[in-house]
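The values are calculated or read from the model by the stated rules, or taken from the named source; none is laboratory data. Because the structure is a prediction, the values reported are computed rather than measured. Note: ideal-geometry Cβ built from the backbone for every residue, glycine included; neighbour counts use all protein chains shown.
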Amino acid sequence: MDQIVIRGGQRLKGRIPISGAKNAALTLLPCALLTDEPLTLRNLPRLADVDGFGHLLNQLGCSTTIEGSRPEDFGRVMTARATTLTSTVAPYDIVRKMRASILVLGPLLARAGEATVSLPGGCAIGNRPIDLHLKALEAFGAEIELASGYVKASAPGGRLAGGKFTFPVVSVGATENAVMAAVLAKGMCVLENAAREPEIVDLCNCLVAMGAQIDGIGTETLTIEGVDRLHGATYRVMADRIEAGSYACAAVITEGDVELVGAKASEMEATLSALRQAGATVEDTRTGIRVAMSGRAEPVTLSTAPYPGFATDMQAQFMAMATLGTGASLFTETIFENRYMHVPELARMGCDIDVRGRSAVVRGVDHLVGAPVMATDLRASMSLIIAGLAAKGETQVNRVYHLDRGYERLEEKLQAVGADIERISAG
């Protein structure tokens, strides 16, 4: 199994290209199931999860081709075409490896009038049930049956009828599935208290480019007027705001100065506000965002919340950044109930973190010490990388397959701005 080795203490300085967003890409790929014409996605990140989703599309009868990219480039261009769906079943052996697979439920139901998708099960960072996905689809006229670990959904008459659904709590995945299901409905579908994440805006914009009729994009109320068919399109995946925020934290903890090329401030205002709270210089540039730090980070008080609040996907990285801060920082996790699994690993490096339920107090220490650590999930993995960049000595991060799910060629990007980091392949 591969390992990433970091010899800390190097100040990061330079330009870091920000890849296409993983969370957007995994939502845009299933849009290909909604039409028999080709959907071409540009700036698609080279990630294990993206490859896995491509395999799922292939199993459903969608062809995928990679074009116009060189091995040395970041990002790819993929064209997906589902001329004829050969299956409407997403099996357990694929869905269990990647929770985003549940996002084929809405498109299959919309296009074929039926879908059978394995229940995704639990997750290392807490339960993420799909009940809201199913309730929204039922509100639009779907008939749902749960049997033998699978969701079996059907649309009487072959098409959803339309309807209205109000989310009792904000759910990104359920909003995405519901929107994709609604675009081919016979009537109007209304979603209230919908998630407003930039990745959902990206999804809606792509669907509009394919011929969908969606009003209220970027607001909590989405109104979708179903159309008879969608056509193909060419669409560019948005920049990854979580990747950009992660490298910003790395710049702060190393007292560095980096430009996040391609990042958009309007899509990550809560993250940038938190960086400023920590004392960082944050400013727009012609091609992205500059983040610079002089001295140690100041204490921060952060509570995760649905967009436009502070993203749960940034909590672990900011916690790592705060470990070398000048005082005590307070974190409160409101989205997932088990998202502090990186804390014991950070403690191995000398961090002072006290977890109390959903809150954690991080007291800044004088220095961190490199150590062998184990990644537990994607964002926890990045927190260990960030800590390792500033630690004295050598840090070995194991289980780096977590990182490969969400960070495109991470070690190459960090090497280019001065980090002493390398990947060691097993065997």
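The condition of being closer than 19 Å to residue 405 by Cβ, surrounded by 19 or more Cβ atoms within 10 Å (Cβ to Cβ), modelled with pLDDT under 95 and not acidic (Asp, Glu) holds for only one of 98, 78, that being 98. For first residues located in segment 156-184 and modelled with pLDDT of 95 or more, partners that are in a helix (DSSP H, G or I) and β-branched (Val, Ile, Thr) and lie 6+ apart or on another chain with Cβ distances below 6 Å form the pairs 175/200; 176/27. Only one entry of 298, 283 meets the criterion of being closer than 18 Å to residue 386 by Cα and either out of contact with any Pro (no Cβ under 8 Å at 6 or more places or on another chain) or surrounded by fewer than 16 Cβ atoms within 10 Å (Cβ to Cβ) (or both), and that entry is 298.
Residues in segment 315-355 that are of a type outside the set (Ser, Thr, Tyr) and assigned to a loop (DSSP other than H, G, I, E, B): 15 in all. Look at residue 391 and say whether it is without any contact (Cβ under 8 Å) to a residue 24 or more places away in the chain, touching a strand residue (DSSP E or B) at 6+ places or on another chain (Cβ under 8 Å) and among the hydrophobic types (A, V, I, L, M, F, W, C). In short, no.
Residue-level check: of (1) at pLDDT 95 or above; (2) in a loop (DSSP other than H, G, I, E, B); (3) closer than 23 Å to residue 22 by Cβ, residue 365 misses just (3).
Take the conditions (1) over 30 Å from residue 421 (Cα atoms); (2) more than 19 Å from the chain's Cα centre (by Cα); (3) crowded, with 16+ Cβ neighbours inside 10 Å; residue 28 misses just one of them, which is (2). The requirement of being buried (at least 17 other Cβ atoms within 10 Å of the Cβ), modelled with pLDDT of 95 or more and part of a loop (DSSP other than H, G, I, E, B) is not satisfied by residue 290. Beta carbons closer than 9 Å, at least 6 apart along the sequence or on distinct chains, pair a first residue in segment 340-363 that is of a type in the set (S, T, N, Q) with a second that is surrounded by 18 or more Cβ atoms within 10 Å (Cβ to Cβ) and not in a loop (DSSP other than H, G, I, E, B) for 359/331. Would you check if residue 170 is farther than 30 Å from residue 324 by Cα, surrounded by fewer than 22 Cβ atoms within 10 Å (Cβ to Cβ), out of contact with any Asp or Glu (no Cβ under 6 Å at 6 or more places or on another chain) and not acidic (Asp, Glu)? For residue 170, the condition - farther than 30 Å from residue 324 by Cα, surrounded by fewer than 22 Cβ atoms within 10 Å (Cβ to Cβ), out of contact with any Asp or Glu (no Cβ under 6 Å at 6 or more places or on another chain) and not acidic (Asp, Glu) - is met.
Screening residue 404 on (1) within 18 Å of residue 10 (Cβ to Cβ); (2) among the acidic types (Asp, Glu); (3) modelled with pLDDT under 95 shows it passes everything except condition (1).
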